[in-house]
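This report refers to the structure that appears directly beneath it.
The values are calculated or read from the model by the stated rules, or taken from the named source; none is laboratory data. On a predicted model such as this, the values are computed, not experimentally measured, just so you know. Don't worry about glycine lacking a Cβ; one is built from the backbone with ideal geometry, like all the others, and counts go over all protein chains shown. Accessible surface areas use protein heavy atoms only, side chains included; no ligands, DNA or RNA. Shrake-Rupley method; radii C 1.70, N 1.55, O 1.52, S 1.80 Å.
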Amino acid sequence: MLFNKELTIKDLLDFCPELISEVQGPTHTALKHFCSLENPEDQCFVFINHPKYFLETQNNKIVAVLAPLSLKEKLQTHPKEQTWIFSKNVDWVAQKIKNQFVFKTPYRPDLSGVHSTAMIDSSAKIAAGVVIAPYAVIGKNCEIGEGSFIGSHCVVEENAVIHKNVTLHPFVYIGHSCVIGNECEIKSHAIIGSEGFGYAHDHIGQHYRIPHTGRVILQDRVHVGAGTAIDRGTLTDSVIGSGTKIDNQCHLAHNTVVGKNGLLTAQLVTAGSSKIGDHFVCGGKTAITGHIEITDHVNVAGLSGISNDVLKPGQYGGYPLQPLRDFLKVKATSVHLPELRKQMNRVLRKLFPEDFQNDN
């Protein structure tokens with residue numbers, strides 16, 4: 001990946017000096033590429049997170065290496081012409097450099113203004129610098145903040161509010177009256193503010209949809225992955241806290257509340273009225289039942305089921321949910337159960353032979 005301008009190593013150092021701990025080697029060398037270790041190109045910059053990759057950096061095409069400060073003493077002597085940049089947070093430095101000098105995210109097509117095919121109600125308030133792509137639909141009394149991007153075929157229903165610098169990728173649906181905070185990014189085919197799965201039932205078992213009059217509120221810097229659905233509240237709002245990142249194909253039911261800076265990975269499912277604290281992290285295919293509370297700073301392994309309140313911070317896994325260390329012991333033991341069963345059977349035959357006389 002070519003850098004988008006002529007750069008030297010010093011330019012990178014000057015860009016984020018607060019994250020650089022130490023530099024060894026020349027700093028005025030020119031850089032052309034941001035590369036992976038597997039495919040280095042001439043005058044390239046790479047980063048590593050583990051000393052096992054050190055040998056792969058011994059390539060004359062690689063002129064600069066970003067590495068964790070913790071690895072500095074473990075690394076062997078590197079070529080004198082090569083520059084090593086040490087940081088306590090390699091991933092963050094690499095992200096900032098790539099975002100600034102290679103490829104800016106979230107990606108937006110090279111468009112400007114409002115496309116002639118977009119359908120925008122006359123009552124909608126569109127701020128300066130907003131881009132609305134072909135065939136988008138903006139309903140009555142909507143507000144779209146400065147610098148936001150509305151992708152092709154998006155639908156923003158009446159009374160929805162989209163704040164500043166929001167990116168809606170193509171085919172996103174924003175339901176009526178929902179609120180999208182500053183700098184949110186919503187990927188294609190996500191559905192924000194559909195009616196929740198709530199019904200009243202009559203005496204012969206027929207079901208009647210309950211109107212859901214709450215909203216969905218995404219606070220600032222929320223990321224919503226492709227194909228994810230967040231249902232509006234029945235009476236109160238469904239709320240996703242600032243900085244929380246939601247992966248593809250997740251489902252958050254009506255009245256779900258998620259705290260700040262969570263990481264919700266693919267195919268998470270919550271039932272209605274779940275309340276999840278700040279800094280919640282879960283592996284894929286986690287399931288959370290309704291009307292429970294999860295405190296702050298809880299990490300849950302993938303394929304886990306949460307059916308009761310979690311009131312103590314920590315790492316958990318499995319179903320029923322248990323502390324992660326216990327869960328891993330159970331999983332490790334389970335593969336030996338068939339052999340243990342055979343061994344136990346042999347012991348019982350020795351101890352109680354009369355009980356096995358008629359056993360075929």
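3J(HN,Hα) along region 223-238, derived from phi through the Karplus expression 6.51 cos²θ - 1.76 cosθ + 1.60 where θ = phi - 60°, amounts to 10, 10, x, 5, x, 8, 10, 10, 7, 6, x, 5, 10, 8, 8, 8 Hz, with x in place of Gly and Pro. Which FRET efficiency value, to the nearest 0.05, is calculated for residue 311 and residue 236 with the Förster distance at 30 angstrom and r the Cβ-Cβ distance? Efficiency computed from Cβ-Cβ geometry: 0.85. Cysteine residues of the chain whose C-beta has no other cysteine C-beta under 4.7 angstrom: 16, 142, 154, 178, 184, 250, 282. Cβ-Cβ distance of residue 336 and residue 37, R₀ of 56 Å, FRET efficiency by 1/(1 + (r/R0)^6): the value works out to about 0.90.
Here's the picture: a label point sits 7 Å out from the Cα of residue 110 along the beta-carbon direction, and within region 1-17 the residues with their amide nitrogen under 18 Å of it are 2-6. Straight Cα distances below 22 angstrom link residue 80 to the lysines 10, 32, 52, 61, 72, with same-chain residues fewer than 8 positions distant left out. Taken one residue at a time, the phi angles of region 132-141 give Karplus couplings (6.51, -1.76, 1.60, θ = phi - 60°) of 10, 7, x, 6, 6, 10, 10, x, 5, 6 Hz. Gly and Pro are set to x. With a 1.4 Å probe rolled over the protein heavy atoms of all chains, the accessible area of 215, 346, 341, 232 falls in the order 341, 346, 215, 232, largest first. Amide H contacts of residue 3 (H built 1.01 Å from N, in plane; Pro and chain starts excluded): 33, 34 sit under 5 Å, all sequence-distant by 5 or more or on other chains.
The portion of the accessible surface of the chain made up by carbon and sulfur, rounded to a whole percent, is 53 (1.4 Å probe; DNA, RNA and ligands excluded).
Taking 0.36 nm per residue of sequence separation and removing the Cα-Cα distance, the residue 176/residue 89 pair yields an extension gain of 27.2 nm.
Across region 294-333, Cα pairs under 8 Å and at least six residues apart give a relative contact order of 35 percent.
When the chain is treated as a GNM with alpha-carbon contacts under 10 Å, the residue of 306, 85, 120 showing the greatest mean-square fluctuation is 85. A simple spin-label model places pseudo-atoms 7 Å from Cα toward Cβ; at residue 209 and residue 347 they are separated by 6.0 nm. Accessible surface comparison of 69, 311, probe 1.4 Å, protein chains only, largest first: the order is 311, 69.
The accessible area of residue 3, taken with all protein chains in place and a 1.4 Å probe, comes to roughly 20 Å². Working note: 222 nm ellipticity from helices only, DSSP H runs with n ≥ 4, each -39,500 (n - 2.57), summed and divided by the residues of the chain, gives -4000 deg cm²/dmol to the nearest 500.
Within the straight-line cut-off of under 16 Å between alpha carbons, the aspartates and glutamates reachable from residue 5 are 14, 42, sequence neighbours fewer than 8 places apart in one chain being disregarded.
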